[in-house]
Amino acid sequence: MDTTLLVQALVSGVLAAGLYALVSVGLALAIGVIGIVNFAHGEFFMVGAFLAYQLFVTFGIDPVWSLFIVAPALFALGAIIYTSTIRFVLKAPELNQMLLTFGIGIILQNLALLIWGGDPRTIAGITYRGIGYQIGGVSIGLVPLASFVVSLVLVLGLYWMLARTPLGRAMRAVAQNRTGAALVGLEVNRVYLVAFALSALLAGIGGVMIAVIQSPTPVVGFAFTLKAFAIVVVAGLGNIRGILFAALFVAVAESLVATLVPNGDTLRNAVFFAIIFAVLIRRSWRTA
Amino acid sequence: MSASTRTRRTRPAQFPWDLVGLVLLAVAVAFAPDLLKALFGRASVSYLSIATNALSLSILALSWDVLARTGQLSLAHAAFYGAGAYTTALLARHADVPLWIGIPLGGLAAVVFALLLGAATLRLRGIYFAIATLSAAEVLKAVVHHLPTGIAGGNAGMNVPTLFRPEFIAGQMERWEVAFLRNEAYFYVYATLLCMTVLASILVQRSRLKHAFTAIRTNEEVAGVMGVRPARLKLLAFVLSSVFVGMLGGVEAHRVGSVLPEQSFSVSTTVLALVTPIFGGLYTTLGPIVGALGLSSVQEGLRRVFSDGYLIGYGVVLVLSILFMPRGVVGLVGGLLRRRGKREAGR
Amino acid sequence: MSDILRVTGLVKHFGGLAAVDGVSFAVEANQIFAIIGPNGAGKTTTLDLVSGLLTPTAGRIEVLGSDVSAATPAQRCHAGLGRAFQVVQPFPEMTLRENVLVGALFGTPGRTRADAERRADAALELSGLAALADVDAEDLTLMQEKRLEIARALATEPSVLLLDEVMAGLRPAEARDAVALVKRVRDSGVTIVFIEHVMPVVRDLADRVLVMDHGKVVVEGSYAEVTQDARVIEAYLGKEEVA
C-alpha cells in the first residue's frame, strides 16, 4: 500500500470534514434548539453558493469578500422563513414539519434552477484557487485548507457561544425545557428565530466555500441536506458537540474509500450511506 | 344512554363506505378510458398517460401510508420501487420470463429487501429510522449501479420490452388510436394494481391490525406490554407496503421501456411517497388517494400554466397546505363536516 | 407451586451502576403484594424487568411456573402479566373503548373480535369508565387516565397485574376510590403487585410488603412486620415523610 496515497486521502478527508461540520452544525442547531427537522437546510447552502457566484459575475466581488454579504443575507432569509412559516408548525407533528421544510426546499431549489439553470457554475479566474502546498508528496490546496480553517473557527465559535454567552445559554435552556424557559422569562420565539437564522447563516457561508471549491448546480443543496442529516444522526440528535467528530469520521471514511477502492470515486456516496446505516443499526441493537 | 351508544359502536353495522368506495373506484376506472376518448378524441392519449401517472402515485402513496400507520416513516420506497423494476427487467432480459410472472417476482424482490431492511431497523424510531432507510436505499442504488455492465447495464441501465403492442389496422382506426390502445392497456394494469392496494389497505383498517398499528405508532412499549407483537406487525406492514410498490416498479419499467439507477432509485420517488399522504391525509385509505389525485392535478395544471419552474408553484402549494390544512385534505373536509354535524345536532 | 410470580436473583446494571442488585421474591396467587422503598430504590426498574421492557443483566423470572426471562413484553403479556404505568400513557388518538380493546384483542391470543369487545366492555365497567367509553383518550382527568391504565391492563386478562404508583397525584377521595378499585380487581381473581409511596394505602391493601433500598431487598413480610423492622425504619421510614 502506498503510504503517500493513504496520507493524502486522510488529509483530504480531514479538510473536507470542516465544511461538512459547518453545514451539519447549523442543521443540528435547528433540530436541537427548535426541534425542527429542516429538509431545506441544504438549500441555504445552495443559495449561499449562488449568491457568491452572482456577486462575482455581476459586481466582480471576490468570494472572500462576498462572505460578508452572503452571511447577513442568509441570516435575513432564515429569519424571514422562520417568521413566515416555521413558527406556525412548532407544535405540529414531525411529519408536517418535514413536509413544510420540504416544500420550502422545493421552492428555493426551483427558483434557483429558473434563475441559473441546471448547468454547473464556476467562479472563473480566481488566482488563489491554483495555489497549493507540497509536504512530502502530499498536496494541500490553499482553498480547501482555508475553508477547513474558517469552518473550524466558526464551529468552535458556535460552541463557545452556546457555552458562554447569554444568547447561547438561552438557546440551551430553551432546548432543554421549552415551557420552563418560557416561565423564567425567556422569549422563546425570539431565541428560535435567532437560532434558525444562525443555522441558515452557517450553511450559507459553507455555500460560498463550495462555490470556490467546486462548480455547483442548484441541486447541490439536497445532496448536502442528506449528508448533513447523516452527520447529525451519527452524532446523535441534539448533540451539537458531537458534530465535529461525526463529520471527521464520515469525511475521512468517504475520502479513504474514494482513494483506496478502484473506481472508488463513484462509490463515495454508497460508502457514506453504508457507514451511516451501519452506525445507526449497530447503536440501536447495542442498547437494550 | 350509555347502553345505546355501546351497541352502536360495538356492532359493525355502519355503512361500509370503504368497500362501496372501492367498487365505485373500480367502476370509474373501468369506464375512464372510453369516456376520455369520447370527450377529447386524440388528446385522450396524453390524458390517459397523465391519469396513469396519477394511479401510479396513488399506489406509491397508499403503500407508504400503510407502513407509516405503524409509525415507521420510510425513506426507502425508491428502493422497493427500484428493486421491483430491476428484478422485472433482469428477468425479462436474461431469462425471457413472461411479464405476468416477472412483475409479481419484482414485487417479491421488493418484499425480500423490505424484510431485511425492516428486521435491521426494528429498534429505530422517528428520524433515525427515516435516515437509516434512506441510507439503505442509497446503498442499494449504488450496488445496482456497480453490478457488472453485462448483467444490469451499469450507468446506462437496460432496455425493457413494452408489455403491449397493439397493431395498426389500416382503414379501421386512426394512427393515434394505436397509442391510445397501448396507454389504455397500461391504465388498466395500473388500475388493477391500485385496486389491490386499496383492498389491502381496507382489510387492514377493518381488522384488528388497525388498532395494533395505531398502538405501535403511538407507543410501542405500551403496545408490547398489552400483548401486541410490535416486531412481527412492523414487518408485516413492511411486506404489505413493499409488495405493491415493487410490482409498480416492474410495470413501470415496461411502460417506460428502460431502467436506470438514477431513475429507478430516484430520491424523488421516496419524496412523493411521503409528501402525497401528508397532503391528502395520513393513516387512512382515502387520504393518500385524494392526495395523489390532488397533487397530480395541481402539478399538471401548474405545468401547463408556467412551463418553466412550475415546481415552484408545487412547493408553494405544499407549504400553504401544511400551514392551512395540517391534517390534510381529508382531515380538513372531515373536520368541516363534523362541525356542521354538531351545529345541526345542536339545533 | 402456588407461587404465581417468582423472581430470583434479579440484577440490572446501567453502565457501572447496579439499579437492581440481586432481588428475589415470590407472589402467591390472589395476594396483593406491595413493593415500597425510597426514590431510586429500583422499584420501577424491577417492574420494567418483570414486564420485559428492560433486559436483566442476570436473574430469572417465572410466571405460573414457566420461565419468561428471555421473553418479549408481548409474550409475557400472553403468559399472564399485566402492567399499568406510573406515567399514564393512553393512546391519545383512540377512544377509551379502543384503548381497552387493544388489550382485549391482543392480550390473550386466539380471541375472537366479539369476545374481545365483551371483555373490553367488562374491563371498562369494572374500572368505572363505562359511561366514557366513546370519549377520546386525550381529554381525560388524571383519575380517569389512571382508571384507563388499569382497565387496559385488565382487558389483557392477566393473572398478575403490576401497578406502578397508581395513587400518585390523586386527591384523598380519589385515592379511596382507587383503593376500592384495586380490591375489586383482586376479588375478580387477579393477583396484584404494586409500587406505592403512600403508607396508609399499603397498610389498607397489602398482604405482603417488600422493602427495597439501593437496588436490594431490605426485608419482606406483612405490613406490621416490616414497619417494625429496624433496618426499614432507618433506610426508608427514617428518611421519608410518612403520612
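The values are calculated or read from the model by the stated rules, or taken from the named source; none is laboratory data. Worth saying up front: this structure is predicted, and the values here are computed from it rather than measured. Counting neighbours? That spans all protein chains shown, and the Cβs are built from the backbone with ideal geometry, glycine included.
Tabulated values for the structure
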| quantity | calculated |
| --- | --- |
| Residues (in a helix (DSSP H, G or I), of a type in the set (A, V, I, L, M) and away from chain B (no Cβ under 13 Å)) located in segment A:214-257 | A:VAL220, A:ILE243, A:LEU244, A:ALA247, A:LEU248, A:ALA251, A:VAL252, A:ALA253, A:LEU256 |
| Unmet criterion (only one of (1) closer than 13 Å to C:ARG152 by Cα; (2) part of a loop (DSSP other than H, G, I, E, B); (3) facing chain B (nearest Cβ under 8 Å)) for C:GLU93 | (1) |
| Per-region count, segment B:275-300, residues more than 10 Å from chain A (Cβ to nearest Cβ) and either out of contact with any helix residue (DSSP H, G or I) (no Cβ under 9 Å at 6 or more places or on another chain) or aliphatic (A, V, I, L, M) (or both) | 7 |
| Segment A:56-108 - residue that is more than 9 Å from chain B (Cβ to nearest Cβ) and not in a helix (DSSP H, G or I) and, of those, farthest from A:ALA30 (Cα to Cα) | A:GLY60 |
| Hey, B:ILE127 part of a helix (DSSP H, G or I), without any contact (Cβ under 8 Å) to a residue 60 or more places away in the chain and more than 12 Å from chain A (Cβ to nearest Cβ) or not | no |
| C:PRO158 being in a loop (DSSP other than H, G, I, E, B), crowded, with 20+ Cβ neighbours inside 10 Å and within 15 Å of the chain's Cα centre (by Cα) | yes |
| Which listed residue, of A:GLY136, A:GLY157, is modelled with pLDDT of 90 or more and surrounded by fewer than 12 Cβ atoms within 10 Å (Cβ to Cβ) | A:GLY157 |
| Residues being within 11 Å of chain B (Cβ to nearest Cβ) and more than 19 Å from the chain's Cα centre (by Cα) - total across segment C:52-90 | 0 |
| All positions within segment C:32-42 that are at pLDDT below 95 and crowded, with 16+ Cβ neighbours inside 10 Å | C:ILE36, C:GLY37, C:PRO38, C:ALA41, C:GLY42 |
| Output for segment C:166-187, where each listed residue is among the small types (Gly, Ala, Ser), closer than 11 Å to C:GLY128 by Cβ and surrounded by 14 or more Cβ atoms within 10 Å (Cβ to Cβ) | C:ALA178 |
| Checking B:ALA215 against (1) within 13 Å of chain C (Cβ to nearest Cβ); (2) within 25 Å of B:PHE113 (Cα to Cα), the condition it does not meet | (2) |
| Selection count where residues are assigned to a helix (DSSP H, G or I) and under 27 Å from B:PHE213 (Cα atoms), scope segment B:262-298 | 24 |
| Conditions (1) surrounded by 21 or more Cβ atoms within 10 Å (Cβ to Cβ); (2) more than 18 Å from A:ALA195 (Cβ to Cβ); (3) in contact with a Phe, Trp or Tyr (Cβ under 9 Å, 6 or more places away or on another chain); (4) of a type in the set (A, V, I, L, M): number failed by A:VAL33 | (2) |
| Test for B:THR162: is it within 21 Å of the chain's Cα centre (by Cα) and either surrounded by fewer than 22 Cβ atoms within 10 Å (Cβ to Cβ) or not in a loop (DSSP other than H, G, I, E, B) (or both) | no |
| Condition broken by C:ASP164, with the remaining ones in (1) of a type outside the set (Lys, Arg); (2) under 18 Å from the mean Cα position of the chain (by Cα); (3) more than 12 Å from chain B (Cβ to nearest Cβ); (4) farther than 19 Å from B:THR214 by Cβ satisfied | (3) |
